[in-house]
Structures are given as structure tokens and as C-alpha cells.
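Enquirer: Attaching a single structure in C-alpha cells format; questions to follow.
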Protein chains: 2
Amino acid sequence: MISEKMRPLVENNSAVRAMFEEGNRLRALYGADKVYDFSLGNPNVPAPAAVKTAIQEILDTEDPNFVHGYMSNAGFPQARKAVADSLNRRFGTKFHENNIIMTVGAASGLNVALKTLLNPGEEVIVFAPYFLEYGAYVSNYDGKLVVISPNTETFQPNLAEFEEKITAKTRAVIVNTPHNPTGVVYSEETIQKIAEILNRKQEAFGSPIFLISDAPYRELVYEGAVVPYITKYYDNTIVGYSFSKSLSLPGERIGYLVIPDELEDSEAVFAAASIATRVSGAVNAPSLMQLVIEKCIDEKCDVDYYDRNRNALYNGLTELGFDCIKPQGAFYLFVKSPMEDDRAFCEKAKEFNILVVSGASFACPGYVRLAYCVSYETICNSLPAFAELAKACGLKK
Amino acid sequence: MISEKMRPLVENNSAVRAMFEEGNRLRALYGADKVYDFSLGNPNVPAPAAVKTAIQEILDTEDPNFVHGYMSNAGFPQARKAVADSLNRRFGTKFHENNIIMTVGAASGLNVALKTLLNPGEEVIVFAPYFLEYGAYVSNYDGKLVVISPNTETFQPNLAEFEEKITAKTRAVIVNTPHNPTGVVYSEETIQKIAEILNRKQEAFGSPIFLISDAPYRELVYEGAVVPYITKYYDNTIVGYSFSKSLSLPGERIGYLVIPDELEDSEAVFAAASIATRVSGAVNAPSLMQLVIEKCIDEKCDVDYYDRNRNALYNGLTELGFDCIKPQGAFYLFVKSPMEDDRAFCEKAKEFNILVVSGASFACPGYVRLAYCVSYETICNSLPAFAELAKACGLKK
């Protein structure tokens, strides 16, 4: 019954979600506090109190037909202006409300961008490891995904291979920094080099190549790490953002796209992206949440909580002999599998009630992802189980 | 810069929206109370007070990580159960939570259904007049739209032509009742005949044909009109619903799909539709609003307000000599254009500060749509302007 295009998606239904079901099974069997579930990127730090206050204020002072009503497909102008102003204050950019489209989270934003720009057969480059859903998004518009192999030394992108794989068919490149699943922040040098390469290739092929910055983890950085704002380095950049992590609102589906004036044919792209938002079925980002964003634009969830988790898990695991890069952002550790087959290692970890996701689920076998958006107690309690797992894998302290 | 598929959509950007801009221009020029804007289907009756109460209760009693967090892509089980139970109470159906997928409004729900079922080149039948966005939705999945010409006597569907136009390539049929733009409710006889035809054709061609019921106006009916629940008449039915109208929440993007057990391969279709919800970028319906629906499932906006508008506008216009069917549902009048060219009539109406939408925007030239989801005062105040318009068009009382 299922359409041909959906069939492979049904077959490969996200390993992350399958793991979620496994977690439920183990919790039922052993009790929730005896299962160490690092499989899901679902924020556990609550939304700032300002979100609740904002909702109450909006409901108490505004007309319900305004709060819950239609607006232009791009979103409420006042919400878009609040986003533009905040970016300008923080990054020295010069955005205005007509550079911003409010979206149903970053996932819908990326789909809107691809629908607006991509023709069948055109290529979209991603850097492994990468969020596998990018493949589904590109396939939604009959594009072709081109994967650059990982640089497992630094997990900065492999730029030599990137340059080689750009062709006349390359329409877009997706970067994700701070990065899921490694927690790496792309350095300013990296961004500058990507921009140089793309400018050279645009000139060589005589057609634009769009850099799509998927940046939902931008506010989740540690030890003062700086995340370069990519529109300042490369004109044909579109930014996709979500408040899922910074305000812990993943279920609310609220984010935005930035389409800068510098982008080629910017006004036409903005108009088309607004229409793409409508005809994709999203129509507009949820209205009450847009008004919440306007009021809470400078709020942030408790990033220190994630930082404490990061240090506890990184220190605990490396002391046990596990090998991984210390993340500068997001809420993931990407740990080298001590067994050759990372899927076998995931199975082994389950014997100790530890749930982690195979690197193969991010096109980077040989590694596993641990999401540390869990309670601090879970991390502390998990360390003895990790110690047993390390022993079972023959790791030495 | 724009993708080839988006280009025609940009060129034909919804006449309804263009009219909205024209309304703003006239309001700035003449004052809001001197412009009679019947162009937009944006509910003007506020959401029931229970919606605000529900939001406050949820925020006061539930954990924010639950309220604003991810859930399964199909939605919170308790919201889906509330929807199923409500349908069962009202229509004698036997749905359970695994028949219901919460969606980002009906527009996203229809897209999810089409993405799940439709292959490139397959045909989707619609009955004129119809909501032109259906064409964009079908094109999203490279399907082919097949339009059945209108029956302008009754605006019930033209079933003889329908039967003729079903082919081996027909994958789905979209019906919309109560109907935009005519306000007609498809009779039980109509639904039974559609089911008979489809069952015969399914057998003849040996492949399923899905009936997609787009039913956001179901609760907006007058004089006790009965809207048959289509799953009871035809097994391969999928229902798309939105709370945009019944709870006046159009900006919040909250609705659902019903995928009944009777549908062929129902469980597989449900699983695929859940994945389609995710990979389309919607991911899930907005979480807080799902919880609101659970609490407000039996609430309804003030339908009597629309009914008073309906009577005032219908009586006013027919007394002036305009010709139209009295609507049984939704909040639209579909009026025969007194000028041969309905677009010219729309322009003529603007001279009297009256904004209506051309029937051509619903594939039914010769008519215009008036949305009476406006204040009662607007309707009363507009009647003298309509009287002048009638005179200018040579209509006699």
C-alpha cells in the first residue's frame, strides 16, 4: 500500500527510535533507575520559567483571534523582528524581519529551504558523521545526497574530499555546528575555508551553491567556545534554527530560517520559501509559540546543567579507557567503539543496561553516540555499569 | 534561483492572499469599518474559553519537559485516545488510539497521507469547485490532479463524470464536506454512491483507491444538517481533520488523521504515515496544543454566531437579486457572478469596498466566494454597498 519512496524509509526506520522502544522494555524489566539510556536527543533541562510567564501574559492580554489566528505564512512580523534584532545584537549582522521566516522547527525549515532551491537530480553535500534524516529530506525533492567521509582525528570536515566532490550539479551543502553526533564546533578557519572553496566553485561552474547551516545547538556551547555566524563568511548561506534545544521546546516545533539580503536573488527566494512553507502543509509556525519567542528571545535553558553532565561523562569514560573527543557544544559524546563492530558494541552495552546509538546511524561506523541530556544522577549511576562494560571489552584503565 | 517545481506556485501565488494585501490597502485608505472584506477564511469567532483554561491547567500541573517535549511522531497517546473516543461517541465508530495520528493542521495531514500513498504519475481526483492548494499537495509527490467539473445545480459532486474518469492510475479521491467554497454538505446518498463507484472500480482494476476526506468544517453545520462519517461507508477512507475552525485555532496548526482498521494494510499505512510525519519535517503536531485537544475535545466555538451571519448575508444578498445556494455548513457563500467574467465582477465589487474571491480560484469560474467569518456588523454594514453593486450590475430586486 505504501508509496515506493516511503518504503525504504519504513524499512530503515530510525535506529534511534527503535532504541527508544528497547529502553522502554528494559525499564519495565529492571526499573527506570537501573537503565542508563543515552540514546535520545530529547532535552531533559526544562524550558526557562519565562516561557510559562510569557504564555500566561499573552493569554491574559491579547485577543485570542490574534494569538491563535492565521498570520502571513512567514510568521508574525513582530516575532521575525525580535529574531532579527537578537541576531544583530549578538553577531553584528544586519538582518531585518524580511530575512526571517518562522518555521515548524528546524526540520521543517530545512525542508522548506530544500523545496525552494533543489531540482531533481541536483546534489546536496553532507559531511559524515551526519544526521541521517538529511538523506530523507534531500530525497523528498528527488535530490542526490553526496557524503564526504569523516575526518576522525578532529571531526572537522574533510575539506580536500569536499573540494573534489563538488560538481556542476552541486546545489547545496549542509553543515551542522555545534555538531550532532560529535559535539564539535566548526572553527572559524574551517568556515573560512569552506567559503573559499564554495566561492571558487561557484565561479568555476557559473551557478550558485547554497550553504545551509543547521544550527539548533548554537546556544549549547561550553568553556566559551565561539560558533562563527556563517552568513558573515559566505553570501549564499541560509540558516535553519530551532528553539528545541535553547528553550527546551522540541515538541512545540518552533524555529526559523534566515535568508540574508546577501543571498543571490534574496527577495525571490524569501517569497518562494514563504510559499513553500504553505504548500508543504506546515502553512505557518505555531502562532502562540511565535509570540512566546518574541518575548523569550534572549532566554536560554540551564546550559550549565549540560556542562556538568558533559564533564562527568567525559571524565568518567576516558578514565575507564574509552576514547573520545571532548565536545565543545551540543549534548553528545561520540565515543570510539572498543569493539570493531559498533553495532555489536551497542548490543554488548545493553547487557549492562546501557543504551547508546551506533555510529552507523550517522554514517560513521566504529563509533557510538551518547546523548548526555539526561539527569546528572543517571550519569553518576551509570559509571559502574560502564566500568563493567569496559572490562568486558578488555579496556585497561 | 527558485526550483522548477516552485516557480509556477510563485507565479500563481494564491489569489486569496493577494486579496488580503488589497484589503490592507483599502483599509488604510478608507478606514477598517468602511471595507467589507469577505476574502479570507480566517475564523473571527474566538476560541472557547476552555482553551485558555486548559493551557493554564497544563502549565500549572504538568512537567514542562513533558508538555514541551518530544513524543512519538504520531502524537501523545492520550490525545489520540481522546480523539478516537470522541469520534466513537458521536459517530458510532470503533476507533482506537492507533487509528489516530496528530498532525500539523489538516494541510500537513493531507500531505502526510499523500506522501504515504502516492507514486509519481498516479492520479488524484478532486471535484470542482475545490481548494486549489490540493493541486500543490498532489504535485509535491509528483501525482497528477484530475478535476471533475462542477454540478452547478446542487454542487453535489458530478458522479457520472467521476465514474468515467477513474482509471487504473487513480490512487486517491479527495472530498471536502462541509464544502469550501460552496457550504454544501454531501448527502448520505452522495457518499453511498461514491462508495459504490469506488468499490466497483477497485474490483475492476484490482488495486485500492483511497478516499481522503478533508473535513475541517465538520462541526460548522446549521439547521441540524447531518454530515455522514465517511469511514462508515467506504473501507479505504482516510480522514484529515483540523481544529482550525471548530476551536478557532488556525494559527496553531493542530489536527489529526484517521487511518481506520478497515483500510487495506492499515497497520503498515499507519506506521508509514507516522514516519512521513517525521521526514516531511513536521516531526510531530505541536505538543502543548495536543494536550489542549485532549482536554477540549468536546468543546466548540460559537457556531450560532456564524449561523446568524449566514442568514443575514444569504437573505440580504438574495433579496438584492443575487443568486446562490443556501449553505448548510462551513462559513462561505458561493454566489453566481452577475457579470459573465467573475474576475471582472471581483474588480467591480472593489469599487464598493467589497472584497470577494473569484470562483476561478476554486476552478469554478462564473461564481465568487464570500467568507462570512466576519463580524455581524460588517455584514449589516455591507448590505447597502451590495445594493449599489447590484444596481451597478443591473440586478433587479
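The values are calculated or read from the model by the stated rules, or taken from the named source; none is laboratory data. Worth saying up front: this structure is predicted, and the values here are computed from it rather than measured. We place every Cβ from the backbone using ideal geometry, glycine too, and count neighbours over all the protein chains shown. Ligands, DNA and RNA are stripped out before the accessible areas are found, and what is left, the full protein with its side chains, is counted by its heavy atoms. Shrake-Rupley method; radii C 1.70, N 1.55, O 1.52, S 1.80 Å.
Enquirer: What residue, among those in the stretch B:28-38 that are open to solvent by less than 60 Å² (accessible area, probe 1.4 Å) and not in a loop (DSSP other than H, G, I, E, B), is farthest from the other protein chains (Cβ to nearest Cβ)? Steps first, answer last, please.
Expert: Going residue by residue through the stretch B:28-38, those that are open to solvent by less than 60 Å² (accessible area, probe 1.4 Å) are B:31, B:35-38.
Still in the list and also not in a loop (DSSP other than H, G, I, E, B): B:36-37.
Details: B:Tyr36: 18, B:Asp37: 14 Å.
Across the stretch B:28-38, the extreme among qualifying residues is B:Tyr36.
Enquirer: Which residues, counting only those in the stretch A:260-273, are open to solvent by 10 Å² or more (accessible area, probe 1.4 Å) and within 9 Å of chain B (Cβ to nearest Cβ)?
Expert: A:Glu264, A:Asp265, A:Ser266, A:Ala268, A:Ala271
Enquirer: Going residue by residue through the stretch A:5-13, is there one that turns out to be outside any helix (DSSP H, G or I), at pLDDT below 85 and open to solvent by 40 Å² or more (accessible area, probe 1.4 Å)?
Expert: Checked against the condition, which is being outside any helix (DSSP H, G or I), at pLDDT below 85 and open to solvent by 40 Å² or more (accessible area, probe 1.4 Å), the stretch A:5-13 yields at least one hit.
Enquirer: Go over the candidates B:Thr182, B:Thr154 one by one and state the one that is among the β-branched types (Val, Ile, Thr), touching a strand residue (DSSP E or B) at 6+ places or on another chain (Cβ under 6 Å) and under 23 Å from B:Ser358 (Cα atoms).
Expert: Residue meeting the stated conditions: B:Thr182.
Enquirer: Look at A:Phe95 and say whether it is aromatic (Phe, Trp, Tyr), closer than 30 Å to A:Val10 by Cα and more than 8 Å from every other protein chain (Cβ to nearest Cβ).
Expert: no
Enquirer: Can you tell me which residues in the stretch A:297-320 are under 17 Å from A:Tyr217 (Cα atoms) and out of contact with any helix residue (DSSP H, G or I) (no Cβ under 8 Å at 6 or more places or on another chain)?
Expert: The answer is A:Lys300, A:Cys301, A:Asp302, A:Val303, A:Asp304, A:Tyr306, A:Asp307, A:Arg310.
Enquirer: How many residues does the stretch B:197-232 contain that are within 30 Å of B:Phe331 (Cα to Cα) and surrounded by fewer than 18 Cβ atoms within 10 Å (Cβ to Cβ)?
Expert: Residues that pass the stated criteria total 5.
Enquirer: Quick one: is A:Lys245 touching a Pro at 6+ places or on another chain (Cβ under 9 Å), among the charged types (D, E, K, R) and surrounded by fewer than 24 Cβ atoms within 10 Å (Cβ to Cβ)?
Expert: It is false that A:Lys245 is touching a Pro at 6+ places or on another chain (Cβ under 9 Å), among the charged types (D, E, K, R) and surrounded by fewer than 24 Cβ atoms within 10 Å (Cβ to Cβ).
Enquirer: Okay, next question. Look through B:Ala79, B:Ala113, B:Ala84 and report the one residue that is at pLDDT 95 or above, open to solvent by less than 10 Å² (accessible area, probe 1.4 Å) and closer than 23 Å to A:Pro43 by Cα.
Expert: B:Ala79
Enquirer: I've got another one for you. Kindly indicate whether any position in the stretch B:249-259 is surrounded by fewer than 24 Cβ atoms within 10 Å (Cβ to Cβ) and within 14 Å of chain A (Cβ to nearest Cβ). Quick ask: steps written out before the conclusion?
Expert: So in the stretch B:249-259, the residues surrounded by fewer than 24 Cβ atoms within 10 Å (Cβ to Cβ) come out as none.
Within the stretch B:249-259, none of the residues are surrounded by fewer than 24 Cβ atoms within 10 Å (Cβ to Cβ) and within 14 Å of chain A (Cβ to nearest Cβ).
Enquirer: In this structure, does B:Ala276 turn out to be in contact with a helix residue (DSSP H, G or I) (Cβ under 9 Å, 6 or more places away or on another chain), crowded, with 18+ Cβ neighbours inside 10 Å, at negative phi and not β-branched (Val, Ile, Thr)?
Expert: yes
Enquirer: Only residues that are modelled with pLDDT of 95 or more, more than 10 Å from chain B (Cβ to nearest Cβ) and in a loop (DSSP other than H, G, I, E, B): list them for the stretch A:39-74, please.
Expert: Correct list: A:Glu62, A:Ala74.
Enquirer: Looking at the stretch B:128-158, which of the residues that are open to solvent by 10 Å² or more (accessible area, probe 1.4 Å) and closer than 18 Å to B:Gly329 by Cβ is nearest to the other protein chains (Cβ to nearest Cβ)?
Expert: By that ranking, first place goes to B:Phe131.
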